[in-house]
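**Q** Before I ask anything, here is the structure I am working with.
Derivation of every value follows stated rules applied to the coordinates shown; laboratory data play no part. Here the structure is a predicted model, which means the values were calculated and not measured. As a convention, Cβ positions derive from the backbone with ideal geometry for all residues, glycine included, and neighbour counts pool all protein chains shown.
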There are 2 protein chains.
Amino acid sequence: MGKRKKTKIAVGQAGGPTAVINASLYGFVNEAGDAYEIVGILNGFQGLANNQFVTFNGALKQELRQSRDVPGAFLGSGRWTMERQDMVQAVQNLKKLDIHYLVFIGGNGTMWSCKELEETAKELHYDLAVIGIPKTVDNDLYETDHAPGFASAARYVALSVRDIGKDLQAMQNFESVRIIETMGRNVGWLTAASALLKETDAQPPHLIYTPEKSLLFHKFLNDISETVKTIGYAIVVVSEGIRDEKGQIISQLALNEQSQQQVLGGASSYLSRLISQETKLSSRSEILGMNQRCSQWSVAAQDRLEAEEIGKQAMNGIRQGLSGLMLTLLSSSELNEPYAFTIGSCPFEKVAGLERPLPSCYLNDTGTEITDSYRKWLRRIVGNDIQGYPDGMTLLGKIAR
Amino acid sequence: MGKRKKTKIAVGQAGGPTAVINASLYGFVNEAGDAYEIVGILNGFQGLANNQFVTFNGALKQELRQSRDVPGAFLGSGRWTMERQDMVQAVQNLKKLDIHYLVFIGGNGTMWSCKELEETAKELHYDLAVIGIPKTVDNDLYETDHAPGFASAARYVALSVRDIGKDLQAMQNFESVRIIETMGRNVGWLTAASALLKETDAQPPHLIYTPEKSLLFHKFLNDISETVKTIGYAIVVVSEGIRDEKGQIISQLALNEQSQQQVLGGASSYLSRLISQETKLSSRSEILGMNQRCSQWSVAAQDRLEAEEIGKQAMNGIRQGLSGLMLTLLSSSELNEPYAFTIGSCPFEKVAGLERPLPSCYLNDTGTEITDSYRKWLRRIVGNDIQGYPDGMTLLGKIAR
């Protein structure tokens, strides 16, 4: 009896890695079991166009199992925009290997490439099913309640701002302001997450600024001075992509100022210098950096679980013959009820290349504070096992300087 | 029967806070119990000179108990150099309150002030016993095997570099080099800690640069190019205070370059730009920042324990009538044996204002790698509960770009 050839499925990872992207890959590969031949695409779309594949044999599956909870992308990732000829080449590469199923784990850029690839295959009369697994620390994907990777990054931001707040509170006689910069070129989800553990007005962050709302320099300086006067110090959190009243990206202003030199520190650095120049307050900037997307210790348990589950369901989607879809996470409970989720899906065109802003209902009127509804929404996915600190020596602020 | 007045002891915290400095304060106050009246000095030496005291009543003791594991300095800290008149004022303030015992938790600057205060009191014929409790994330105090605060910061650095390494490994087709900057103006203990979890040559960090050894630009660029050629990417860790072959502080070069503007990013930013300019490699800089000294999640269990214990022993030192001493942590076992420590002491002049460099025996000949002896020494205080990652997709590096 001849051995029947296994159906092949290609899977890749694209865009910036997260701390749980490998859990999705593991969920997918593990669910496929021995019924399918899984072909890994190395280094994202570049590998797909350049014929860089690896077969998940037993040893590689074992390696993946060991890397399930390791940050970074197991298969390698990248930022690579596919041109038309790359799309055609990619389809030809898949055809050569007789692969009719393609799965990519990524964000809105990845979903755009998935959509284009599916269309290119159709044009070339090649039968190709494409499924997308969401992944982003920015949480800027539409249609999904949130994307795997975000909750862990949010947890990192919330804990860092809580801890840096205590540090500055203790040093308020030496320095007054810290401008902390989070990821988020166009959306403020992560910046808003910095306020998750805030319980009283005195606690950090005292002001947040997201790209969804213009930062007015005059008001910004005034609000910070007021905060320092009232609280004794100010922890301010800004998204890397915040814009000024003219719609200019503030980190670009920093670029101009330094006569087109490479951006050094971006928005937070620019704002920190502005404070030092325009007020008598001492200020320092702090970029939370890559740790936001790769810290293993800050992985939220729910995030890891959902990342793996959605990977698993992508395999089920293949079995059901689905195509042209990104899977989504849908909350199946009200904010006040215990959290539960289901997995749904949406056509690529609903998410491809689009960025979902933080809804205005999650920010107060000035845009500098989050609402309780955001805090409740976020808490469900970040976990109940982290808390804010006691206010502590409120006496400190009362001492004349 | 009249109530006998309790002996008063003043205690303060000075310099940059750490994640375990409050454990030392708690250990001290808790050990004092109800037998003494503990007077907290707010905001470090500035509070001592300006008469900013608070009595540890029951409520404040309760508040301290809740803040034992909270980062930042419970009493407030600062960076304040005491002039002669401040010293005199400080002694007069203590005299007014009839306080004859003074304890400060801090680093080599703090120990200098302690020594000066003790001498000033002597000159003024005021009976004052002074004891110092060590604290520094830089680990630059002499006489002690290590200082409370360092192991937790080292743990933070080791974990961050491990995780950022996996992130860059996955993105090596998009960017090649990350220059990660740790704290350490004059000593490389923390930078060297970044290699704690490295197990193979392929793992990060691939190169480290400490202030103890000049960085030679030519060799630096060459080593990075070689690393990228061999490994596929390069994780480089530098201390904020590294110097070039002329002995110039590299972050100061960055300052000059920007025509005396505020330093933006310091050494790592300067070196990253140098790489982009002088090689074809894409490079990014990353400053680990304040999280190194305040992250609660990265606290090493041994560090917390030792911080509390040394606080407790300071109280015992007061009982024994000691003065003019900083307490020290002494390892009482060989590197290959299970770790054990005892608490000793040394005169202030042996530590005051002095910075202990990383011994050359802890670095290899080029200064860019740590030795096994450093790894063993560090592992004992950072803990065995954190590990490196599997090398992972070594395939990635083999793919032609």
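**Q** If you take every DSSP beta bridge whose two residues both sit in the protein assembly as shown, what share of them, in percent to the nearest 5, is antiparallel?
**A** The antiparallel proportion sits near 25 percent.
**Q** Within 15 Å, Cβ to Cβ, of B:R84, how many net charges do the neighbouring residues add up to if Lys/Arg are +1 and Asp/Glu are -1?
**A** In short, -4.
**Q** Quick one: what are the phi-derived ³J(HN,Hα) couplings along segment B:229-240, Karplus 6.51/-1.76/1.60 with θ = phi - 60°, whole Hz, x for glycine and proline?
**A** 4, 7, 9, x, 7, 9, 9, 10, 10, 10, 7, 4
**Q** Round to a whole angstrom and tell me the spacing of the C-alpha centers of segment B:311-357 and segment B:156-192.
**A** 32 Å
**Q** Another one. Taking H as built 1.01 Å from N, whose amide H comes closer than 5 Å to the amide H of A:S282, not counting residues under 5 places away?
**A** A:S176, A:V177
**Q** Also, I was wondering about something else. From the phi of every residue in segment B:9-16, what ³J(HN,Hα) in whole Hz does the Karplus formula 6.51 cos²θ - 1.76 cosθ + 1.60 yield, where θ is phi - 60° and glycine or proline is x?
**A** In residue order, the calculated couplings are 10, 9, 9, x, 10, 9, x, x Hz.
**Q** With n ≥ 4 as the cut-off for DSSP H runs, can you work out [θ] at 222 nm for the protein assembly as shown, using -39500 (n - 2.57) per run divided by the number of residues, rounded to the nearest 500?
**A** -11500 deg cm²/dmol
**Q** While we're here: Give me a single rounded figure for B:45-55: the average over its residues of other chain Cβ atoms within 10 Å of their Cβ.
**A** Mean shielding by partner chains, rounded to a whole number: 2.
**Q** If you don't mind, another one. Less than 21 Å apart at the alpha-carbon level, and either on another chain or at least 8 residues along: which lysines does that give for A:K246?
**A** Correct list for A:K246: A:K213, A:K219.
**Q** Let me ask something additional. With a sphere of radius 11 Å drawn around the Cβ of A:I38, what net charge do the other residues whose Cβ falls strictly inside it have (Lys, Arg +1; Asp, Glu -1)?
**A** 0
**Q** Out of segment A:1-71, which trypsin sites (Lys or Arg not before Pro) are coil in DSSP terms and have no more than 16 other C-beta atoms within 10 Å?
**A** When the trypsin sites (Lys or Arg not before Pro) of segment A:1-71 are filtered for loop state and at most 16 Cβ neighbours within 10 Å, A:K3, A:R4, A:K5, A:K6 remain.
**Q** Shielding by partners for A:284-290, please: the mean number of other protein chain Cβ atoms within 10 Å of each residue's Cβ.
**A** 6
**Q** Can you give me the C-alpha center-to-center distance between segment A:16-66 and segment A:264-290, rounded to a whole angstrom?
**A** After rounding, the separation between the Cα centres reads 41 Å.
**Q** By DSSP, what percent of the beta bridges with both residues in chain A are antiparallel, rounded to the nearest 5?
**A** 25 percent
**Q** From the phi of every residue in segment B:340-346, what ³J(HN,Hα) in whole Hz does the Karplus formula 6.51 cos²θ - 1.76 cosθ + 1.60 yield, where θ is phi - 60° and glycine or proline is x?
**A** Here the 3J(HN,Hα) series is 8, 9, 10, 10, x, 7, 8 Hz.
**Q** Can you list residues from other chains, or at least 5 along the same chain, whose modelled amide H is less than 5 Å from the amide H of A:T18?
**A** Correct list: A:G72.
**Q** When a footprinting reagent is the concern and you count Cβ atoms within 10 Å, what order do B:L97, B:L329 take, fewest first?
**A** Result, fewest neighbours first: B:L97, B:L329.
**Q** Quick check for me: using +1 on Lys/Arg Cβ and -1 on Asp/Glu Cβ, what's the dipole size of segment A:81-223 about its Cα centre, in debye to the nearest 20?
**A** About 220 debye.
**Q** If the limit is 20 Å between Cα atoms, which of B:K8/B:K96; A:K61/A:K95; B:K96/B:K122; A:K312/A:K376; A:K135/A:K198 go over it?
**A** Cα-Cα > 20 Å for A:K61/A:K95; A:K312/A:K376; A:K135/A:K198; rest within.
**Q** I would also like to ask the following. Given H placed on each backbone N at 1.01 Å, which residues far from A:E37 in sequence or on other chains put an amide H within less than 5 Å of it?
**A** Hits under the 5 Å cutoff: A:T7, A:K8, A:I9.
**Q** How far is it, in nm, from the label point at B:R379 to the one at A:N364 when both lie 7 Å from their Cα along the line to the Cβ?
**A** A separation of 5.1 nm, rounded to one decimal place.
**Q** Grab the other residues whose beta carbon is less than 13 angstrom from that of A:Y339, score K and R as +1, D and E as -1, and report the net.
**A** Value of the local net charge: -2.
**Q** May I pose another question? Would you mind giving the mean number of other chain beta-carbons within 10 Å of the Cβ of each residue in A:215-222, as a whole number?
**A** 0
**Q** Continuing with the same structure: Highest mean first, how do A:11-18, A:337-344 rank when packing is the count of other Cβ atoms within 10 Å averaged over residues?
**A** A:11-18, A:337-344
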